[in-house]
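Here the structure comes first, spelled out in structure tokens, and everything after it is commentary.
The values are calculated or read from the model by the stated rules, or taken from the named source; none is laboratory data. Note that the structure is predicted; figures quoted are calculated from it, not measured. Here the Cβ positions follow ideal geometry from the backbone for every residue, glycine too, while neighbour counts run over all protein chains shown.
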């Protein structure tokens, strides 16, 4: 097999894998999101450590939410509470949360 063909097949396989990632279930995400609303659902809430205004996440992009939660889970984004939350989520939990939160008002 030629190197070009092998490269093309590998690229096709990786694209297929990305496109078959778990789809989020907004109903399941709604049930799990109760832990998020304690901070992210309070208008004007300020976190005590580190001190900053907690962002509203309802209506945020689904892709952004998945990427952010995965970054907290991997330790690429630093915040003790968010890291603990994200590490407790499976990939499906994250997809479900993002599907719900992206449509929430």
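A few notes on this one:
- Identity of the residue in region 1-39, modelled with pLDDT of 85 or more and not in a helix (DSSP H, G or I), that ends up farthest from residue 100 (Cα to Cα): 23
- Residues being within 23 Å of residue 23 (Cα to Cα), free of Cβ contacts under 8 Å to residues at least 40 places away in the same chain and surrounded by 12 or more Cβ atoms within 10 Å (Cβ to Cβ) - total across region 67-85: 9
- Taking region 48-105 as the range and being under 17 Å from residue 31 (Cβ atoms) and not in a helix (DSSP H, G or I) as the test, the residues that pass are 57, 58, 88, 89, 90, 102, 103, 104.
- Selection within region 40-52 - modelled with pLDDT under 90 and surrounded by 10 or more Cβ atoms within 10 Å (Cβ to Cβ): 41, 42, 45, 46, 47, 52
- Residue count, region 55-66 (criterion: surrounded by fewer than 19 Cβ atoms within 10 Å (Cβ to Cβ) and either without any contact (Cβ under 8 Å) to a residue 40 or more places away in the chain or over 17 Å from residue 40 (Cα atoms) (or both)): 4
- Output for region 86-100, where each listed residue is buried (at least 17 other Cβ atoms within 10 Å of the Cβ) and within 10 Å of the chain's Cα centre (by Cα): 86, 89, 93, 94, 95, 96, 97, 98, 99
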